[in-house]
Amino acid sequence: MNKKVLVVGSGLGGLSTALRLSARGYQVEIVEKYHRAGGRLNLLEKDGFRWDLAPTFFSMSYEFDELMRDSQMKMPFEFVELDPLYSVHFDGDNRSYLIHKNLEKLAREFAALEPDFEAKMNRFLKSAGKIFHDTEGLIVKKNFDSLVGYLLSMAQVPWQHAPKMLTSMWSELDKSFSSFEVKVIFSLVGFFLGSTPFDTPAVFKLLTYTELQHDGYHNVKGGMYKIVEGIVDELKRRNIEIHYNTEIVAADYAASKLHSLIDKGGRKWQADHYVVNADAAWFRGAILNRAAFSEKKLDKMHWTMAPLTIYLGINRKLDGYYHHNYYLRRNFKEYAGKIFKNSIGLDKPYYYLNIPSMHNPGYAPEGHESLFILCPVPDLRYKPDWSDAEQIADGIVSDLSERTGIDLAEATVSRTVLSPVQWQSMFNLYKGSGLGLAHDLNQVGYFRPKNKDEVFRNLYYTGASTTPGTGLPMVVISSKLVTERILKDDGALS
């Protein structure tokens, strides 16, 4: 009889793991707290509008190709490559900056600000690309069973990259460019992915390489949720059931084996193997009561930003804007240094605007537009009270109205605001952290919460807060790594 695997959580990591294991003959069943699949890769539908709930783009599209090949299925959705990648607007600046993949076009955007931009960016990207390719196979796409093994892999990475582990992304940009605007813009890839360029190691300059040169950014025809719908349809064809509104709250175990997971209604879910797609650090503390992952210990870890998200449906079209748009100010160092610990006001925040109906007209009624606004804010450790969420959202909408010259409040026919409190409640995000654990040097590779449990030999983890890290392609890689773990433990992989 084929072994049974229970997957807890139907985020992209859980769905991808279910696909891979089912292709190898495992009997798979999924339980999900939310009312539909996808985790943060979800969909909001209201008043005739649709919005991608959180992720609005991804890089490294070839990881989805690998997933489909490995899972023995055809690609169920169609990529849409974005170019320009995004636009950036500084407060008080009458122009916007378009970020093109083509370096000649990009250089023209900064001709008046950064002499020899193209040559400088080519040098920057060459260095960033080398870091990416020198670490992808050795570190990113690899399981580690011991610190010694991790250090041996690190030793194979060319030593020229070592200084970039000890300096920040901002210092690397500061060495490479002179313009404030250029340095800020190319640090956004870190800032809006949950940390600041002053805290993120310089090795993560590789993210600029992935966006500008390696694979760029992609959306999906019909909306990002098509990824989830395509995978769920395939799982249905494989007779894999997803049990929604089912929250795991406890575990039954003895010695080194997990015997069952228990839901809120008292039902025991049994399997040979268990794969948890909830946050790997949170689950160990909240469900398994591990002292090393107590709330006190978790609070000391470095978590990514919390999201304040606004979903607007407006009764007009927006012309002259792009799929991704960033709205910034001139106090970047002060703001980045203070925002995550709630030591600066949210009356003039930085935020990101996505217009999903631009590429997917079905996301809004005819003549209307759907707008998604993301504002990185302090998590619940630093700002536990979000009774002012609507007021903060009012300020953001007012600021965007002023910058665009459109009275968005008057044009709004649908509005939803989600604070970190709601994000925590919906998906068990620790203290509302949007993307799980950040990528400090002591929270990457071997030092990240393991994808195989330290105690139970039949419990595994996939998702953003385990190996290799956060972001859609990383989570897809995570599903591959945990599948390798299970196959190896079952003797199906040497």
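Below are the figures for this structure:
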| read-out | value |
| --- | --- |
| Checklist (1) of a type outside the set (S, T, N, Q); (2) over 28 Å from the mean Cα position of the chain (by Cα); (3) over 21 Å from Tyr34 (Cβ atoms) applied to Leu288, failing item | (2) |
| Residue check, Asp399 free of Cβ contacts under 8 Å to residues at least 24 places away in the same chain and charged (D, E, K, R) | no |
| Lone qualifier among Trp423, Trp386 - being within 21 Å of Phe49 (Cα to Cα) and either touching a Leu at 6+ places or on another chain (Cβ under 7 Å) or crowded, with 19+ Cβ neighbours inside 10 Å (or both) | Trp423 |
| Test set (1) at pLDDT below 90; (2) over 13 Å from Leu207 (Cα atoms) - Gly190 fails condition number | (2) |
| Residue in region 273-283 that is crowded, with 21+ Cβ neighbours inside 10 Å, outside any helix (DSSP H, G or I) and charged (D, E, K, R) present | yes |
| Enumeration of residues in region 311-361 that are part of a loop (DSSP other than H, G, I, E, B) and either free of Cβ contacts under 8 Å to residues at least 24 places away in the same chain or of a type in the set (Ser, Thr, Tyr) (or both) | Asp319, Gly320, Tyr321, Tyr322, Asn331, Ser343, Ile344, Gly345, Tyr350 |
| Odd one out for Ala251, checked against (1) surrounded by 16 or more Cβ atoms within 10 Å (Cβ to Cβ); (2) in contact (Cβ under 8 Å) with a residue 60 or more places away in the chain | (2) |
| Residue match in region 409-417 (condition: among the acidic types (Asp, Glu) and more than 22 Å from Ser153 (Cα to Cα)) | yes |
| Any chance Met305 is in contact with a strand residue (DSSP E or B) (Cβ under 7 Å, 6 or more places away or on another chain), farther than 21 Å from Asn42 by Cα and surrounded by 15 or more Cβ atoms within 10 Å (Cβ to Cβ) | no |
| Among the candidates Arg69, Arg50, residue that is part of a strand (DSSP E or B) and modelled with pLDDT of 95 or more | Arg50 |
| Helices (runs of 4 or more DSSP H) lying entirely in region 107-185 (those with 3 or more residues that are of a type in the set (Phe, Trp, Tyr) and touching a residue at least 40 places away in the same chain (Cβ under 8 Å)) | 117-135 |
| Region 93-151, subset buried (at least 18 other Cβ atoms within 10 Å of the Cβ) and of a type in the set (Val, Ile, Thr), residue farthest from Lys450 (Cα to Cα) | Ile99 |
| Lone unmet requirement of (1) under 27 Å from Asn451 (Cβ atoms); (2) surrounded by fewer than 21 Cβ atoms within 10 Å (Cβ to Cβ); (3) not assigned by TED's automatic domain parsing to the domain that holds Val475 for Leu207 | (2) |
| Where a residue in region 31-45 is more than 21 Å from Thr56 (Cα to Cα) and its partner, wherever it lies, is of a type outside the set (A, V, I, L, M, F, W, C) and modelled with pLDDT of 95 or more, with Cβ under 6 Å and at least six apart | Val31/His243; Val31/Thr246; Glu32/Ser10; Glu32/Tyr244; Lys33/Glu247 |
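Residue by residue, here is whether (1) of a type in the set (Ser, Thr, Tyr); (2) surrounded by 17 or more Cβ atoms within 10 Å (Cβ to Cβ); (3) farther than 20 Å from Thr467 by Cβ; (4) touching a helix residue (DSSP H, G or I) at 6+ places or on another chain (Cβ under 9 Å) holds:
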residue: Gly9; (1), (2), (3), (4): no, yes, no, yes
residue: Ala18; (1), (2), (3), (4): no, yes, no, yes
residue: Ser22; (1), (2), (3), (4): yes, yes, yes, yes
residue: Tyr26; (1), (2), (3), (4): yes, yes, yes, yes
residue: Tyr34; (1), (2), (3), (4): yes, yes, yes, yes
residue: Ala37; (1), (2), (3), (4): no, yes, yes, yes
residue: Arg40; (1), (2), (3), (4): no, yes, no, yes
residue: Glu45; (1), (2), (3), (4): no, no, yes, no
residue: Asp52; (1), (2), (3), (4): no, yes, yes, yes
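The values are calculated or read from the model by the stated rules, or taken from the named source; none is laboratory data. Only a predicted model underlies this, so the values are computations on that prediction, with no experimental measurement involved. Here Cβ is always computed from backbone atoms with ideal geometry, including for glycine, and neighbour counts include all displayed protein chains.
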